[in-house]
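Scroll down for the structure; my scribbles are underneath it.
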Amino acid sequence: MRELAESQTQSRVTKQINIKQFLLTFFKYTSLTVVSIVSIFPFIWMILGMTNTAVDIQSGKLKIGESLGINLQNLFTNDLNFSRSLWNSAVIALATTVFALLISSMAGYGFEIYKSKRKEIVFRILLLSMMVPFAALMIPLYRMFSQLNGTPLGINRFSVVILPSISTAFLIFFFRQNAKSFPKDLVEAARLDGLKELSIFFRVYLPTAKNTYAAAAIITFMSSWNNYLWPLVALQSPDKRTVPLVLSAMGASYTPDYGMIMTGLVITTLPTAIVFFVLQKQFVQGMIGSVK
């Protein structure tokens, strides 16, 4: 009898535990489902909106419409020259990404491999610069570049947008954190083999940091592609506008065409989405490596 009672008690405890686990699992997946729907709804609405007219979008229509062709035609034939802005954004984002990865990685590698007290002081000052908002730097940057008008570094040049972004404190810190896990013995072995310092960086260090470069490339490309404030100040000619500036101008009109704007937003989102999904595995591994 005692054994029967103990087995029944144990079965009741097991059932209670199973019920608790089921409720926790149900609550977890329900919460995740709700959060996922809330997160993805703006994208779904944007995709549906590109197929509808402005009137349908304002009325809250959530069905596939028949105005996709008209919206595409209006987008690429209006006076704002959306196709030109795509080219401008692509040039700026790609150039910024390439130069930022090269310069910031070399700086982060140098701070970690060639240590000294003075370099540590410089690095700490560099980290403190992250506390300064970019809005506080716009006026000094504009005054500096405006004095170089008539040169390749003058206002209304792509170089004015690219240069402030190719060496940031965050990227230097990011690459230095990754360089901490790089075996220093490989550097000494390469020096004994007669390799020069630049050869060590390009032939020994760089191939081992592919994941870090992929993560930094995603961050830099997305930041440059979506940059709005500084291009708004620095690029003053209509033919130099980037995609965020053109989309902002579309929404600022007296009677905005929301169908055309939604179409532009979808097209603008595609490059960053493609870059992220192609490099997402390397992004995760690179971020984990930098934290270590």
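Here are a few things to note about the model shown:
- Amide H contacts under 5 Å for Asn78, placed H, 5+ residues apart: none
- Long-range amide H partners of Lys61 with built H, under 5 Å: none
- Per-peptide packing, taken as the mean over residues of other Cβ atoms within 10 Å, places 35-43, 74-82 in the sequence 74-82, 35-43 from highest down.
- Converting the Cα gyration tensor eigenvalues of the chain into ellipsoid dimensions via √(5λ) gives semi-axes, longest first, of 42, 38, 16 Å.
- Prolate/oblate/rounded label for region 35-112 (Cα gyration tensor, a/c 1.5): oblate
- For the chain, the solvent-accessible area works out to 62 Å² per residue, with a probe of 1.4 Å and every protein chain left in place.
- With the simple spin-label model, which puts each label point 7 Å out from Cα in the Cβ direction, the Ile125 to Thr25 separation comes to 5.9 nm.
- Summary of packing: across the peptides 90-97, 213-220, the per-residue average of other C-beta atoms within 10 Å ranks them, highest first, as 213-220, 90-97.
- Residues of type aspartates and glutamates that Lys180 reaches as a straight line, Cα spacing below 13 Å, ignoring anything fewer than 8 places off in the same chain: Glu112
- Sorted on the mean count of surrounding Cβ atoms within 10 Å across their residues, most packed first, peptides 123-132, 20-29 read 123-132, 20-29.
- Of all aspartates and glutamates in the structure, not one lies under 12 Å Cα to Cα from Lys63 without also being fewer than 8 positions from it along the same chain.
- Gap separating the Cα centres of region 110-136 and region 203-231, nearest whole Å: 19 Å
- Overall form of region 115-264 per C-alpha gyration tensor (a/c, 1.5; a/b vs b/c): prolate
- Our coupling estimate for region 105-112, obtained by passing each phi through the Karplus curve with A = 6.51, B = -1.76, C = 1.60 and θ = phi - 60°, is 5, 5, 5, x, 4, x, 5, 8 Hz, Gly and Pro reported as x.
- For region 149-155, putting each phi into the Karplus relation 6.51 cos²θ - 1.76 cosθ + 1.60 with θ = phi - 60° gives couplings of 4, x, 10, x, 9, x, 4 Hz, in residue order, rounded to whole numbers and with x for Gly and Pro.
- In this structure, the residue pairs whose Cα-Cα separation is over 31 Å, taken from Lys196/Lys240; Lys20/Lys61; Lys28/Lys281; Lys117/Lys196; Lys119/Lys210; Lys119/Lys196, are Lys196/Lys240; Lys20/Lys61.
- Each Lys or Arg adds one and each Asp or Glu takes one away; over the other residues whose Cβ falls under 14 Å from the Cβ of Tyr205, this sums to +3.
- Choice from Gly65, Gly150, Gly251 with maximal GNM fluctuation in the chain (Cα, 10 Å cutoff): Gly150
- Positive contributions from Lys and Arg (+1) and negative ones from Asp and Glu (-1), summed over other residues with Cβ under 14 Å from the Cβ of Thr242, come out at +3.
- Summarising the label geometry, the points placed 7 Å from Cα in the beta-carbon direction at Leu62 and Leu153 lie 5.3 nm from one another.
The values are calculated or read from the model by the stated rules, or taken from the named source; none is laboratory data. Please read all numbers here as calculations on a predicted model, not as lab measurements. Note: ideal-geometry Cβ built from the backbone for every residue, glycine included; neighbour counts use all protein chains shown. Side chains included, ligands, DNA and RNA excluded: accessible areas come from the protein's heavy atoms. Shrake-Rupley method; radii C 1.70, N 1.55, O 1.52, S 1.80 Å.
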